[in-house]
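**Student:** I am attaching a structure below and will ask some questions about it afterwards.
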Amino acid sequence: MKRFGVVAVVLMAWILLNARGIRAGAVPEFRDLFNGKDLTGWVNVNTAEDTWRVENGMLVCSGHPTGVMRTDKQYENFVLHVEWMHTEPGGNSGMFLWTGPQANPGTPFPNGIEVQMLELEWPNLNKKNGVTPPLAYVHGELFGVGSLKIVPDNPRGPRSMSIENRCLGRGEWNTYDVVAVDGVVKLSVNGKFVNGISHATQKKGYLCMESEGAKIFFRNIRIMELPAGVTSPEQTAPEAK
């Protein structure tokens, strides 16, 4: 049933897009969130001036210090495409969806949904009491951060883990496609939908790139905005001041 749910969300998004396009005369299109030249459209929330740089058309994150860089505007319903590559064993990074403008007090991260991006050696390098974390942890886990709550499709405690291991290791590019509609998120890893969440308590906000201790490369960060849904003030992140 979960796989049918993924298909239903994607099909409904496209049906709605086409219907709106016919009536309004404009069909939504992908546009670049990262222009490959500079950091226009992005706001450094709590990292260093040299944490983020542009190199040969790619966005490069040093991984230090831990924190985020966010978009300069909020997004509600969308399809997001991003390609990423780790260069260090056990590298840690990710993206955040539907966040507030600032990190929570005492933490490096804002409320939001994290889309995990880990290098494949992470479980072996992060054993606790001799126990190795599950390999599925590194293949696109989704979870709420801070006060944002979600219902996982494939529960690993409060988190949702992918049902198939599809990420590639350091030195190889991975592709994530994210469909986010009215509090539901579905994640495709390297060409196949394998994870999702629903009932997000916040479903409009900023998008963030994460710096968390390891160098990582990003490219082809693109977004297609979908028609707005119905949100209440409690489901929308506050605007930046």
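**Student:** So how strong a dipole does the chain carry about its Cα centre when Lys and Arg Cβ are +1 and Asp and Glu Cβ are -1, to the nearest 20 debye?
**Tutor:** 560
**Student:** Also, quick follow-up: Ignoring ligands, DNA and RNA, what accessible area per residue does the chain give at 1.4 Å, in Å²?
**Tutor:** Here the per-residue accessible area is 47 Å².
**Student:** Which percent of the accessible heavy-atom area of the stretch 103-241 goes to carbon and sulfur, probe 1.4 angstrom?
**Tutor:** With neighbouring chains kept in place, the figure for the stretch 103-241 is 52 percent.
**Student:** Using a 7 Å offset from Cα along Cα-Cβ at Met58, what residues in the stretch 71-109 end up with backbone N under 16 Å from the label point?
**Tutor:** Within reach of a label on Met58, which here means backbone N under 16 Å from a point 7 Å along Cα→Cβ, the stretch 71-109 contributes 82-94.
**Student:** Round to the nearest 10 and report in Å² the accessible area of Tyr137, as given by a 1.4 Å probe over the protein chains' heavy atoms.
**Tutor:** Approximately 30 Å² for this residue.
**Student:** Rounding to the nearest 20 debye, state how big the charge dipole of the stretch 184-241 is about its Cα centre with +1 on each Lys and Arg Cβ and -1 on each Asp and Glu Cβ.
**Tutor:** 240
**Student:** What full-extension length gain, to one decimal in nm, is calculated for Ala26 and Glu164 as 0.36 nm per residue of separation minus the Cα-Cα distance?
**Tutor:** 46.0 nm
**Student:** Please list, in chain and number order, the residues 5+ apart from Asn154 or on another chain whose amide H is under 5 Å from its amide H, with Hs placed from the backbone.
**Tutor:** Placed amide hydrogens put Met161, Gly196 under 5 Å from Asn154.
**Student:** Could I ask something else about it? For the stretch 132-213, give the magnitude of the charge dipole about the Cα centre (Cβ charges: +1 Lys/Arg, -1 Asp/Glu; no others), in debye to the nearest 20.
**Tutor:** It works out to roughly 160 debye.
**Student:** With the chain treated as a Gaussian network of Cα nodes joined by springs under 10 Å, which of Glu119, Glu29, Glu76 yields the largest mean-square fluctuation?
**Tutor:** Glu29
**Student:** Lys/Arg Cβ at +1, Asp/Glu Cβ at -1, dipole of the chain taken about the Cα centre: which of Leu118, Thr236, Asn195 is farthest positive-ward?
**Tutor:** It is Asn195, whose Cα lies furthest towards the positive end.
**Student:** Exceeding 21 Å between C-alpha atoms, which entries from my cross-link table qualify? They are Lys37/Lys73; Lys37/Lys215; Lys149/Lys241.
**Tutor:** Beyond 21 Å between Cα atoms: Lys149/Lys241.
**Student:** With every protein chain in place, what's the accessible area of Asp50 (1.4 Å probe, Å², nearest 10)?
**Tutor:** Approximately 110 Å² for this residue.
**Student:** Another question, then. With every protein chain present, what accessible area does Lys73 have (1.4 Å probe, heavy atoms only), rounded to the nearest 10 Å²?
**Tutor:** Probe radius 1.4 Å; accessible area of Lys73 about 80 Å².
**Student:** Subtracting the Cα-Cα distance from 0.36 nm times the residue separation, let me have the gained length for Thr132 to Val43 in nm, one decimal.
**Tutor:** Answer, rounded to one decimal: 28.4 nm.
**Student:** Another question, then. Can you put Val189, Val27, Val151 in order of accessible area, largest first, using a 1.4 Å probe?
**Tutor:** Val27, Val151, Val189
The values are calculated or read from the model by the stated rules, or taken from the named source; none is laboratory data. Bear in mind that the values here come from a model prediction, so they are computed numbers and not experimental data. With ideal geometry, Cβ positions are generated from the backbone for all residues, glycine too; neighbour counts draw on all protein chains shown. Side chains are part of the model used for accessible areas, which takes the heavy atoms of the whole protein and leaves out ligands, DNA and RNA. Shrake-Rupley method; radii C 1.70, N 1.55, O 1.52, S 1.80 Å.
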